[in-house]
Every structure is written in structure tokens, then in C-alpha cells.
Amino acid sequence: MTVTLTPLERAAAQAYLRLMETTRAVLADPGLAPLAAVHLSSPMAEADAALRRAGLVGNEERLLRLVSAVRAPLFGPGGSRQQDGSTGP
């Protein structure tokens, strides 16, 4: 199924992905984890604002479909990133 994203939806999906990546990085680092609130406040605010602008607050199902659509070109079959950055076999 092809998902067509508006510019606001794409921005919201990208902000959500940045928040998830930042969260993983902060929580994986024992030195940063105790200060997670400090490190995550800006990406959380960015994601919240982007979700509001795109009308996605409370619509997690639509947001996750959009996130999947944004991530799909980055990953090859089976969901793994290709060595050269390509998405083909």
C-alpha cells in the first residue's frame, strides 16, 4: 500500500523518528541516561509541535503508517539498511 504524505505529515513523521533515535542513543549511554529529561526535552517538544501541526495528536495509527512510509526507502528487504545505503538486494 502506498501512503501519500503531506509536507506537514512528513515533518511530523521525521520529528517522531528523530525523537526515537535520540531516545535510543541517550538511554543506551550510561553517562547520558541519568540526564534523559534534559537531552530529550527539545526533541519531544519538536515532535509534539509537528504532530499538532499535522493534526496527528491522538491518531497513533495514522502516525505509525506515516513513519513506516518515511522509513521504508531507507531499508532493504527484511528491514535492514543496505551497506552502501541502497535499498535493493
Region 1-47, residues that are assigned to a helix (DSSP H, G or I), of a type in the set (D, E) and loosely packed, with under 15 Cβ neighbours inside 10 Å: E21
Going through (1) under 17 Å from the mean Cα position of the chain (by Cα); (2) modelled with pLDDT of 95 or more; (3) loosely packed, with under 12 Cβ neighbours inside 10 Å one by one, G58 fails only at (2)
Say whether the condition of being closer than 25 Å to P73 by Cβ and free of Cβ contacts under 8 Å to residues at least 60 places away in the same chain is met by at least one residue in region 39-46. yes
Using beta carbons and a limit of 9 Å, which pairs, at least six apart or on different chains, have the first residue in region 19-38 and closer than 23 Å to R71 by Cβ and the second one of a type in the set (V, I, T)? M20/V67
Could you check how many residues of region 27-76 are under 15 Å from R10 (Cα atoms) and of a type in the set (S, T, Y)? 1
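The values are calculated or read from the model by the stated rules, or taken from the named source; none is laboratory data. Only a predicted model underlies this, so the values are computations on that prediction, with no experimental measurement involved. Ideal geometry is used to build each Cβ from the backbone, glycine not excepted, and the neighbour counts take in all protein chains shown.
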